1. Would you say VAL255 is under 23 Å from ALA205 (Cα atoms), of a type in the set (Val, Ile, Thr) and surrounded by 18 or more Cβ atoms within 10 Å (Cβ to Cβ)?
2. Which residues, taken from region 97-125, are assigned to a loop (DSSP other than H, G, I, E, B), at pLDDT 95 or above and open to solvent by 10 Å² or more (accessible area, probe 1.4 Å)?
3. Given the structure, is PRO182 without any contact (Cβ under 8 Å) to a residue 60 or more places away in the chain, assigned to a loop (DSSP other than H, G, I, E, B) and closer than 20 Å to LEU74 by Cβ?
4. Read through the list (1) under 26 Å from PRO68 (Cα atoms); (2) in a strand (DSSP E or B); (3) touching a residue at least 60 places away in the same chain (Cβ under 8 Å), then give the number of the only condition that ALA228 fails.
5. Would you check if THR217 is of a type in the set (S, T, N, Q), open to solvent by 10 Å² or more (accessible area, probe 1.4 Å), in contact (Cβ under 8 Å) with a residue 24 or more places away in the chain and more than 27 Å from HIS162 (Cβ to Cβ)?
6. Of all residues being closer than 24 Å to GLU110 by Cα and surrounded by 18 or more Cβ atoms within 10 Å (Cβ to Cβ) in region 220-231, which is nearest to the chain's Cα centre (by Cα)? Just the residue, please.
7. Kindly list the number of the only condition in (1) open to solvent by 30 Å² or more (accessible area, probe 1.4 Å); (2) in a strand (DSSP E or B) that fails for PRO268.
8. Anything in region 175-214 that is of a type in the set (Asp, Glu) and either over 26 Å from ARG57 (Cα atoms) or surrounded by 12 or more Cβ atoms within 10 Å (Cβ to Cβ) (or both)? List them, or say none.
Amino acid sequence: MKRPLWLLCSTTVTLALLASCETSKPATDVSANAGGTNPSATRAGGSGESMESNGIRLTPFGDSPKFPEAQMQLRAPIAGSTVPSGEVAFDYQISNFLLTKMSGGPHMAEMANSMKGQHIHNIVDNEPYTAHYETKFSKPIPDGQHVVLSFLSRSYHESLKHRGAYDLRIINVGNAPAPATPIIDTKAPNLFYSRPKDTYSGADAKRIMLDFYLVNTTLEPGGNRVRATINGTEFMLDRWMPYMMEGLPAGENTVKLELVDASGNMIPGPYNSVTRKFTVAP
């Protein structure tokens, strides 16, 4: 039995519209992923293969909400400038990224999440970062020359890793003369530590994020890598991604990160080898 021509055309247009809606769906749907609590499904989608040794499992993941248009500019202090002793005032301009907003996504419910939302990580001389939820703040910095790395962070402390999301600069505090040679080459390959930090307890202790920041380098098989030594167990990381650590024992834990070349040799840089301790509460 032949169908009327108008019915066939209507059906064709409807199917075309449905197909169009499906293919135009954004790659990362934050609202749909917010509050996800299925760890096995999370690790299966968007994650690489796990590495496991001595009871410690390390799993890279790349399925967090994306903010490719996010931009951050540090307006003050000016790079290379000298500022008065004491509290140093920072002033950022941020676009396409909302501080204090929850990031959503599958990992927000899996790992330690700041109840204050998205923020800025401010790292001075590769010491533990301070988190800031406003674009203007002050913090005490000793007299002398210092390296300041700033980057945008999701609410669960995972860094945004594209070029517009970070700033690296040298500043001088106080009246002491600046050294003849800057304390860091800001154009050379540099590694900075971010997470883990402090103490993890309860559900936060089951999956702890390892995250670091790279400037002027990439990681790849057969190229530069990061050697992560966790409680004495070595893992070679050839992708710049956040990693989920599982199986860590209660008590004090140690992470050592080293930026190495294809032969496993340390790449020169004042912060390219760093060791930190953190605690997993029993």
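1. On the way: under 23 Å from ALA205 (Cα atoms): yes; of a type in the set (Val, Ile, Thr): yes; surrounded by 18 or more Cβ atoms within 10 Å (Cβ to Cβ): yes.
Spelling it out, VAL255 is indeed under 23 Å from ALA205 (Cα atoms), of a type in the set (Val, Ile, Thr) and surrounded by 18 or more Cβ atoms within 10 Å (Cβ to Cβ).
2. PHE97, LEU98, LEU99, THR100, LYS101, MET102, ALA112, ASN113, SER114, MET115, LYS116, ASP125
3. Numbers: without any contact (Cβ under 8 Å) to a residue 60 or more places away in the chain: yes; assigned to a loop (DSSP other than H, G, I, E, B): yes; closer than 20 Å to LEU74 by Cβ: yes.
Yes: the conditions hold for PRO182.
4. (1)
5. Details: of a type in the set (S, T, N, Q): yes; open to solvent by 10 Å² or more (accessible area, probe 1.4 Å): yes; in contact (Cβ under 8 Å) with a residue 24 or more places away in the chain: yes; more than 27 Å from HIS162 (Cβ to Cβ): no.
Judged against the criteria, THR217 is not a match.
6. Among those that are closer than 24 Å to GLU110 by Cα and surrounded by 18 or more Cβ atoms within 10 Å (Cβ to Cβ), it is ALA228.
7. Unmet condition: (2).
8. So the first thing to find is which residues in region 175-214 are of a type in the set (Asp, Glu), and the list is 185, 198, 204, 211.
Of everything in region 175-214, those that are of a type in the set (Asp, Glu) and either over 26 Å from ARG57 (Cα atoms) or surrounded by 12 or more Cβ atoms within 10 Å (Cβ to Cβ) (or both) turn out to be ASP185, ASP204, ASP211.
The values are calculated or read from the model by the stated rules, or taken from the named source; none is laboratory data. Since the model is a prediction, treat every value here as computed from it, not as a measurement. Positions of Cβ are backbone-derived with ideal geometry, glycine not excepted, and every protein chain shown enters the neighbour counts. These area figures cover heavy atoms from the full protein model, side chains too; ligands, DNA and RNA do not enter into them. Shrake-Rupley method; radii C 1.70, N 1.55, O 1.52, S 1.80 Å.
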